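Have a look at the structure below, then the notes.
Only the coordinates and a few stated rules stand behind these numbers; no lab work does. Everything numeric in this text was worked out from a predicted model, so none of it was measured. Ideal geometry is used to build each Cβ from the backbone, glycine not excepted, and the neighbour counts take in all protein chains shown.
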Amino acid sequence: MLGSRLALALLLATFAGAVARGVTPQHPPTPPPTPAVSQRQIEKIMSFLQTTEPEVYAKAVVLRRSAPKKFVKLISEAAPNFRRLERLHKQDPQLFSLTISDIKLTHHSFTIAGELRQPNLPTEQAENLRQDLKQVVSQQFDIRQKIRKLELDQLTKRLEALKAQFTLREKERTVIIETRVNDLIGKPPSIHW
């Protein structure tokens, strides 16, 4: 789950950076092209961006006007990840909030790192940027630890529920088997199976 979240964070950070620069990001070899998104889907994604990422939304609006084809391409590539984020927003607002923070920090760290890689950067400016980057990466580490803790807590609850269900089914083994046999031979079905 964390791996897909990291991939999502990287894609959205790339999308946000590309929108900010008004360019299509360069990617390593990609899988077959994503199907184009409908106008309705684009509007839904834009609405979601407006609510959750106002800065990215504003940049996307500018890109939409200045380079419509690039805009549609970026939206099409990012659409599946936006859908996942939208589901996360509905299902787990706390995890969603942490994920959005992680995405923002990822984008911010890439931006600072890009500035640090500039040739002929004055030493003092480079040191300041390095300190800024260290602070952002530290914040991102803390956010990711919170995400892991939340996921661990959720998995622990799920595991406890499965253990309880397993124990209960073991206690009622004979009844469950008998009920299922009756179901299979045509007696009224039961929900225990």
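Count Lys and Arg as plus one, Asp and Glu as minus one, and take only other residues whose Cβ is under 14 Å from that of residue 112; the net charge is then +1.
Look at the dipole of segment 113-152 built from charges on Cβ: of 137, 123, 147, the Cα furthest out on the positive end belongs to 147.
Working from the Cα coordinates of segment 38-168, the gyration tensor eigenvalues give, after taking √(5λ), semi-axes of 34, 26, 10 Å in decreasing order.
Restricting the trypsin sites (Lys or Arg not before Pro) of segment 88-193 to loop positions (DSSP other than H, G, I, E, B) with no more than 14 neighbouring Cβ atoms within 10 Å leaves 117. The base-10 log of I(q)/I(0) for segment 123-168, evaluated at q = 0.16, 0.17, 0.21 Å⁻¹, reads -0.59, -0.62, -0.73 [Debye formula, identical scatterers on Cα atoms, solvent excluded]. Check the straight Cα-Cα distances from residue 149 and name the lysines below 16 Å, setting aside those fewer than 8 residues away within the same chain. Partners within reach: 157. Normalised by 2.2 N^0.38 Å, where N counts its residues, the alpha-carbon radius of gyration of segment 88-154 equals 1.39. Counting every other Cβ atom within 10 Å of each residue's Cβ, 56, 62 order from fewest to most as 62, 56.
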